[in-house]
Every structure is written in C-alpha cells, then in structure tokens.
Amino acid sequence: MPAALIWLIVALGLAGAETLTGDMFLLMLSGGALSAAATSWLTGWPLWSDGVVFLVVSVLLLVGVRPALRRRLWAGTGAETGISALQGRSALVLERVAQQAGRVKLGGEVWTARPLNDDDAFEAGEQVIVVHIDGATAVVDRPL
C-alpha cells in the first residue's frame, strides 16, 4: 500500500475522531497528515520526510490556526437577553416615579417603576438608569 494512501487514511481517521471530541486538536493533526499524504504523493520522498512534514504542519496548525479558530467558534456567552439585557439601560420617566408608583419607557415598552432609594422621586421627562428588574417593575436611579 503506498505511503500517500496510508497518510490519507490517517487524516480521515483523525478528522472522524475530531467529531467525538470537538476540541480542534485532532483536526489540526488531520491537516498535518493530509499534508504528509500530499507530499508523499507529489514528491516520492522517503517516509521519514513525510513524518517531518506531518510534524511541522501539525505544529503550525496547532499554534497558528487552532487558537483563532477556537476563539471564533466559542466566543463569549452570547448576547444578553431577557431582563439582564435591560439592566444599565436608560429609561424615560413617563409618570412620576416615587416609592411604589410610576411608569417609565424602557426599550420601547412601558414599565412600572420604583426608585432604588425610597426617598428619591423622578419627574416626567427625566432620564433614569435601570438598576435591576424586580418582577415586572423596573428599579431605577439617577444617571451617574
């Protein structure tokens, strides 16, 4: 069996095993084996030189491509959604906000609101910041 075919089988086996791990490590080794298969088929160099090509290409892929690929595929936790996306946003006071009464416009929707500190009061037209959401009520405070 020619060496190029063996390297190709190894490359496919490593790529298949990568589907079980998802770590991108075996995929980089598969790229090295595929390069060794191509070198063996095109040049006819001795087997040890195919091993050197496999080693060099695998290391280059592991050091150069894998970190960027992992950052791109596993970047962050995604966009905030739900009430966590509303915290820290600016809101417009529609009706006076004091103790347990008031309404604000937040993200295009009207919310009931109360101040963070019971002594505070916000008049209609003021801009406030949403500190957190308590049930269906926005707890607001003065902008910094």
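Please go through segment 1-39 and pick out each residue that is open to solvent by less than 50 Å² (accessible area, probe 1.4 Å) and within 22 Å of the chain's Cα centre (by Cα).
Of all residues in segment 1-39, those open to solvent by less than 50 Å² (accessible area, probe 1.4 Å) come to 3-4, 7, 11, 13-18, 22, 24, 26, 28-33, 35-39.
Within segment 1-39, Glu18, Gly22, Met24, Leu26, Met28 qualify.
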Give me the pairs: first residue in segment 131-144 and small (Gly, Ala, Ser) and open to solvent by 70 Å² or more (accessible area, probe 1.4 Å), second residue part of a strand (DSSP E or B) and modelled with pLDDT of 90 or more, beta-carbon distance under 8 Å, and six or more apart or on different chains, which are they?
-> Ala136/Trp111; Ala136/Thr112
Of the residues that make up segment 61-72, is at least one at pLDDT 95 or above, surrounded by 15 or more Cβ atoms within 10 Å (Cβ to Cβ), of a type outside the set (Ser, Thr, Tyr) and over 29 Å from the mean Cα position of the chain (by Cα)?
-> no
Could you list, in sequence order, the residues of segment 106-129 that are within 16 Å of Arg89 (Cβ to Cβ) and in a loop (DSSP other than H, G, I, E, B)?
-> Gly107, Gly108, Leu116, Glu126
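Got a number for residues in segment 38-56 being among the aliphatic types (A, V, I, L, M) and either under 11 Å from Ala3 (Cβ atoms) or touching a helix residue (DSSP H, G or I) at 6+ places or on another chain (Cβ under 6 Å) (or both)? Before the answer, list the steps.
Within segment 38-56, the subset among the aliphatic types (A, V, I, L, M) is 38, 42, 47, 52-53, 55-56.
Filter again for either under 11 Å from Ala3 (Cβ atoms) or touching a helix residue (DSSP H, G or I) at 6+ places or on another chain (Cβ under 6 Å) (or both), leaving 47, 53.
Here the count works out to 2.
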Val57 being open to solvent by 90 Å² or more (accessible area, probe 1.4 Å), at pLDDT 95 or above and either more than 31 Å from the chain's Cα centre (by Cα) or of a type in the set (Val, Ile, Thr) (or both) | no
Segment 104-130, residues that are charged (D, E, K, R), open to solvent by 60 Å² or more (accessible area, probe 1.4 Å) and within 35 Å of the chain's Cα centre (by Cα) = Lys105, Glu109
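The values are calculated or read from the model by the stated rules, or taken from the named source; none is laboratory data. Predicted, not measured: the structure shown is a model, and the values here were computed from it. Reconstructed Cβ throughout: ideal geometry from the backbone, glycine too, with neighbour counts over all protein chains shown. Remember, those area values only see protein heavy atoms, side chains included, never the ligands or the DNA or RNA. Shrake-Rupley method; radii C 1.70, N 1.55, O 1.52, S 1.80 Å.
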